[in-house]
Amino acid sequence: MSQSWWGNGNARSLTPYLNGKVHGNTKQWYSSGEKFKKMHYQHGKEVGLQQAWRKNGKLYSNYEYVNGRVFGLKRANMCVELEDENLLNNINLQSVALLILLLALTLTVRAADDPAHRSAQLPYYNSATFTPSWLNANSDALNDFHKISAFSWLNQYGDQITHNTFNNKVYVASFFFTACPGICPKMRSRLSQVQQAFLTNDKVAIISHSIQPANDTVQVLKKYADDHGIKSGKWHLVTGEREAIYKIAREDYFANEDLGEFVSNQDFLHTENLVLIDSNRHIRGIYNGLNKTSVSHLIGDITLLLKEAE
């Protein structure tokens, strides 16, 4: 067992080892004493549920490793506040390299099925923590499980797009705005890969919601679609009432609470996440739209859902 402390005497990390490899539950804390990360290892490899928190106690990452795949919400960059430099100098460097958690009991309660079987199916999600729920498609628990609410928008052609547009379809949802100079271009490039992969499959669609609907009119969206090879009937760029878009973003797709927050004269905060929805309007996956590997998993998972619906 390895332990380290901050310069103020508070615990910094606790790491168990077995035969020279990290094995068991590791824990890390902020210098002020609040929990930072919990993680579970088996013989040096991440397994099970991993979690991390901001200083204010808000869950920041919450994901599960199953057979090398990540399911749930994994932040690519941990937004950790820098601690006092004198405190950092007292940290055990080996422990610093270790990350987040899992209590084996939590995994056992939620995972009645074999982990090896899990990789052949996708979990369900019903909260902003994106904790995976491993349910069978015919489970009674799905009767009252979270679904995307009914909606009605206008797309780049002025057509009304509703939840019924996606009946019997698998679709990917995202949020953007046409004047975005930040993450949008890269997200658009990744979504173009999804579009191309299922271009001739009418059971797959994409919907991108503008978070600046007052500026992103039908005409603006149409030009944006034309300029970037967005295909009619496959990928819907939608606009509508701002309040309705933000409500469904936060309450249904569990987008960031700071969605739409002003950053500069040219940019607004919005989520980089892509959300995968099945033919029953259940959330089945969350993916980093800036990450090539994550989007590759998305494409593979769409194929899984198509097979599931057969």
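The single condition from (1) open to solvent by less than 80 Å² (accessible area, probe 1.4 Å); (2) modelled with pLDDT under 95 that ARG190 fails is (2).
Can you spot a residue in segment 145-153 that is surrounded by fewer than 18 Cβ atoms within 10 Å (Cβ to Cβ) and β-branched (Val, Ile, Thr)? No, that holds for no residue. The C-beta contact set for segment 53-73 (first residue open to solvent by 40 Å² or more (accessible area, probe 1.4 Å), second residue not in a loop (DSSP other than H, G, I, E, B) and not hydrophobic (A, V, I, L, M, F, W, C), distance under 6 angstrom, 6+ apart or interchain) comprises ARG54/TYR60; TYR65/GLU46; VAL70/TYR63. Scan segment 13-33 for residues that are out of contact with any helix residue (DSSP H, G or I) (no Cβ under 7 Å at 6 or more places or on another chain) and part of a strand (DSSP E or B) and the total you get is 11. Considering the conditions (1) at pLDDT below 85; (2) within 21 Å of the chain's Cα centre (by Cα); (3) of a type in the set (A, V, I, L, M, F, W, C); (4) in a loop (DSSP other than H, G, I, E, B), LEU107 is excluded by exactly one of them, (4). When ALA179, ALA214 are checked against the criterion of being open to solvent by 50 Å² or more (accessible area, probe 1.4 Å), outside any strand (DSSP E or B) and touching a helix residue (DSSP H, G or I) at 6+ places or on another chain (Cβ under 8 Å), ALA214 stands alone in meeting it.
The values are calculated or read from the model by the stated rules, or taken from the named source; none is laboratory data. Note that this is a predicted model, so its numbers are computed, not measured. Counting neighbours? That spans all protein chains shown, and the Cβs are built from the backbone with ideal geometry, glycine included. What goes into the accessible areas is simple: the full protein's heavy atoms, side chains included, and nothing from ligands, DNA or RNA. Shrake-Rupley method; radii C 1.70, N 1.55, O 1.52, S 1.80 Å.
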